[in-house]
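Structure record follows, encoded as structure tokens.
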Amino acid sequence: MTDDRRHFRRLRAPALWRLAAIGSALRPVDVSLGGMRMYSDDLLQIGQRLELELLVANEDALEFTARVVWSERLTAGAVARYDDGLEFLHISD
């Protein structure tokens, strides 16, 4: 038996994620239909809502509303300042 508590399979596809309001690029680590884990240099607050865009080659941008569910500060010299978990609340049609 596995100890994997995931509700959604992970997605593996080349794409650019960014914060819609300011165009800041995000560094996703793990993405599923339910949410994503990402690296960020910006301090995000638990419960904070974010408007995100997913840009895939030759496709229209998808817009997502997400909520920060956890955030951990990374050590000096890491790939970013924070490791964040987001839950997707709404995905555009």
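Averaged per residue, what accessible area in Å² does segment 32-93 show with a 1.4 Å probe, protein chains only?
62
Need one number: the % of Cα-Cα pairs in segment 26-93 sitting beyond the 18 Å mark.
36
The values are calculated or read from the model by the stated rules, or taken from the named source; none is laboratory data. What you see is a predicted model, and the numbers here were worked out from it, not measured in a lab. Note: areas computed on protein heavy atoms with side chains; ligands, DNA, RNA excluded. Shrake-Rupley method; radii C 1.70, N 1.55, O 1.52, S 1.80 Å.
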